[in-house]
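See below for the structure under consideration.
The values are calculated or read from the model by the stated rules, or taken from the named source; none is laboratory data. Keep in mind the model is a prediction, meaning the values are calculated, not measured. Every residue, glycine as well, gets a Cβ built from its backbone with ideal geometry; the counts of neighbours run over all protein chains shown. Note: accessible area is taken over every heavy atom of the protein model, side chains too, but ligands, DNA and RNA are not part of it. Shrake-Rupley method; radii C 1.70, N 1.55, O 1.52, S 1.80 Å.
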Amino acid sequence: MPRKAPIPCCSEQDRQILTELANSRSAEWRLVGRAKIMNMLLAGEQVNKVATALGTSQKTVIEWRGRFSTNGIKGLYDLPRSGKPAKYDKEFRNQVLKALELEPPKGQAS
């Protein structure tokens, strides 16, 4: 018999937000999937059934359950990433924009 994981605590307001996200056609698809995971878990479904129904892994379901348990709805959003560092600073950008506003030299473009 499989163990039953604890159902995360969730307010009625959070349940309503999760339902809206899960049914949304304009929200980011990753967020919609995460909301569907949480709706099924809050309904008492087992992790393996949720994973099978939504075509994801059990590890993914467990990860999002944990993030929701600790951070609530905010935990379902992506964390900020560092990204590639800027190659040029603001001062250089402003110099280029200022140069673009100048008249072209005589004999160049008209």
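For Cα pairs less than 8 Å apart in space and 6+ apart in sequence, what is the mean separation divided by the residue count of the chain, i.e. the relative contact order in percent?
On the way: 71 pairs, mean separation 23.1, N = 110.
Relative contact order, the chain: 21 percent.
Taking the Cα centre of the chain as the origin, how large is its charge dipole in debye, to the nearest 20, when only Lys and Arg (+1) and Asp and Glu (-1) carry charge on their Cβ atoms?
Numbers: 19 positive and 11 negative charges, 82 e Å.
For this selection, approximately 400 debye.
Could you tell me which residue out of Asn48, Ala35, Asn94 lies farthest along the dipole of segment 1-107 toward its positive end? Charges go on the beta carbon: Lys and Arg +1, Asp and Glu -1, centred on the Cα centre.
Farthest along the dipole direction, towards plus: Asn48.
Go ahead and run the numbers for FRET between Val96 and Ser11, Cβ-Cβ distance against an R0 of 35 Å, rounding to 0.05.
Details: r = 51 Å, r/R0 = 1.44.
That gives a FRET efficiency of 0.10.
Using θ = phi - 60° and the Karplus relation 6.51 cos²θ - 1.76 cosθ + 1.60, list the HN-Hα couplings for segment 55-60 in order, rounded to whole Hz, with x at every Gly or Pro.
Values, residue by residue: x, 10, 8, 5, 4, 5 Hz.
How much area per residue is accessible in segment 27-110 when the probe is 1.4 Å and only protein heavy atoms are counted (Å²)? Before the final figure, lay out each step's value.
Values: 6660 Å² over 84 residues.
Dividing the accessible area of segment 27-110 by its residue count gives 79 Å².
Carbon and sulfur together cover what percent of the accessible area of the chain at a 1.4 Å probe radius? Write down the numbers at each step before the final one.
Details: 4770 of 9050 Å².
Roughly 53 percent of what the probe reaches on the chain is carbon or sulfur.
How far apart, in nanometres, would the label points at Glu20 and Asn48 be if each is projected 7 angstrom from Cα along the Cα-to-Cβ direction?
Output for this residue pair reads 3.7 nm.
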